[in-house]
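Take a look at the structure set out below.
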Amino acid sequence: MSDPIVEVRQLTKAYGKFQALHEVNFEVHRGDVFGFLGPNGAGKSTTIRILLSLISADSGTLSLFGMPLATHRREILQKIGCIVEKPDFYKYLSARRNLEIFGRVSGADTSKRNIDAMLAFVGLEGRANDKLGGFSHGMRQRLGLAQALLHQPELIVLDEPTTGLDPQGIIDIRELILQLSREQGKTIILSSHLLSEIELIANRMVIINKGRSLAEGSVKELLNAEELVVTFELNDGAAAVALLQQRPEVVLREQHDNRLTLQINREEVPELNQWLQSQGLRVYAIESKRKLEDYFLKLVNN
Ligand code: ADP
Ligand code: MG
């Protein structure tokens, strides 16, 4: 658990005059499914490209498997498998042949046994000899995963692997990630702009926005904090605001006419509801969101 496999400290990167990463910090522990969560343009792919040595950082330190990337690039990259963009396979060749070719380039074991095993793992054993031209996006993405796994990496980096997939394709990839983690003990970094996706598979995460890491920790702890953002819809917003002066523990975040958005502990919601009614107000609706979810939705909508 406390064995960091990736440590990223104060990472910065500019593209010309545009500062894409200001200060990105996070660490991934062995065995994590680590969620790298941020809205589009947050700097996820930039960070991942730096991790994979595809581009270089301007400053900051990066170490993987306890070694600085700057000095141990080759050794580190051998331990990583990745899908960073849509895998670029040969359409007119079979799934098997594609894996042989790409595997050879990366120095992986391209024996029939290994390739068959990887194809079976991603559920493509029946399609080994079919040309890629007829593959769906989901099948290609699974083949991409097979390719990323051929050299038995310890760490697997997936940059938005479910983007553009249909619902079944998304479930397939999710299941494969969970299997890699649970059954094979692999460490996985998964980037996404969807909180719901990270919540379903990751155990730890960092939230990144505009090139800065904003919150890092256990997904459960970050998401299931007792504090909620609750919107009450009632018959008289102004009267409710006046009454809430008597309740300093309730933080009023917003008021739109008769809709009041409050920050409050989960346990206090039913009691506050009763109290408002006992003061003569009528409550029509109560909607609650977890504070982090609310916060993240605001980031994404900005
Ligand atoms: P994400 O993957 O989180 O969507 P990126 O890392 O791709 O974000 O991009 C972060 C920011 O950097 C975006 O504003 C993007 O437009 C910009 N950016 C990315 N790549 C380049 C590039 N090669 N040249 C200039 N700007 C870029
Ligand atoms: Mg990206």
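The values are calculated or read from the model by the stated rules, or taken from the named source; none is laboratory data. Note that the structure is predicted; figures quoted are calculated from it, not measured. Glycine gets a Cβ as well: all are built from the backbone with ideal geometry, and neighbour counts include every protein chain shown. Accessible surface areas use protein heavy atoms only, side chains included; no ligands, DNA or RNA. Shrake-Rupley method; radii C 1.70, N 1.55, O 1.52, S 1.80 Å.
Residues that are in contact with a Ser or Thr (Cβ under 6 Å, 6 or more places away or on another chain) and open to solvent by 80 Å² or more (accessible area, probe 1.4 Å) within segment 260-302 comprise just one, Glu287.
Scanning segment 33-54 for residues that are open to solvent by 50 Å² or more (accessible area, probe 1.4 Å) and modelled with pLDDT under 95, we see that the one that is farthest from ligand 1 (Cβ to nearest atom) is Leu54. Every test in (1) at pLDDT 95 or above; (2) more than 29 Å from Lys220 (Cβ to Cβ) is passed by Pro87 save one, and that test is (1).
Within segment 57-74, none of the residues are among the β-branched types (Val, Ile, Thr) and in contact (Cβ under 8 Å) with a residue 60 or more places away in the chain. Candidates are the residues of segment 149-194 that are hydroxyl-bearing (Ser, Thr, Tyr) and within 13 Å of ligand 2 (Cβ to nearest atom); the one that is farthest from Phe34 (Cα to Cα) is Thr163. A single entry from Thr187, Thr231 fulfils the requirement of being closer than 30 Å to Val157 by Cβ and surrounded by 15 or more Cβ atoms within 10 Å (Cβ to Cβ): Thr187. Being within 17 Å of the chain's Cα centre (by Cα) and either open to solvent by 10 Å² or more (accessible area, probe 1.4 Å) or farther than 20 Å from Leu52 by Cα (or both) is the filter here; which residues of segment 145-166 pass it? The answer is Asp159, Glu160, Thr162, Thr163, Gly164, Leu165.
Using the structure shown, decide if Gly144 is touching a residue at least 60 places away in the same chain (Cβ under 8 Å), within 17 Å of Gln179 (Cα to Cα) and touching a His at 6+ places or on another chain (Cβ under 9 Å). The answer is no for Gly144.
Just one of the numbered conditions (1) modelled with pLDDT of 95 or more; (2) surrounded by 15 or more Cβ atoms within 10 Å (Cβ to Cβ); (3) of a type in the set (S, T, N, Q) is not true of Ser59: (2). Listed by position, the strands (runs of 3 or more DSSP E) enclosed by segment 17-106 that each have at least 3 residues that are touching a strand residue (DSSP E or B) at 6+ places or on another chain (Cβ under 9 Å) and either on the phi > 0 side of the Ramachandran plot or away from ligand 2 (no atom under 16 Å from the Cβ) (or both) are 18-29, 59-64.
Only one entry of Glu7, Glu23 meets the criterion of being open to solvent by 40 Å² or more (accessible area, probe 1.4 Å) and at pLDDT 95 or above, and that entry is Glu7. In segment 195-223, the residues that are more than 21 Å from Phe18 (Cα to Cα) form Cβ pairs under 7 Å with partners that are basic (Lys, Arg) and part of a helix (DSSP H, G or I), at six or more places apart or across chains, as follows: Leu200/Arg174; Ile201/Arg174.
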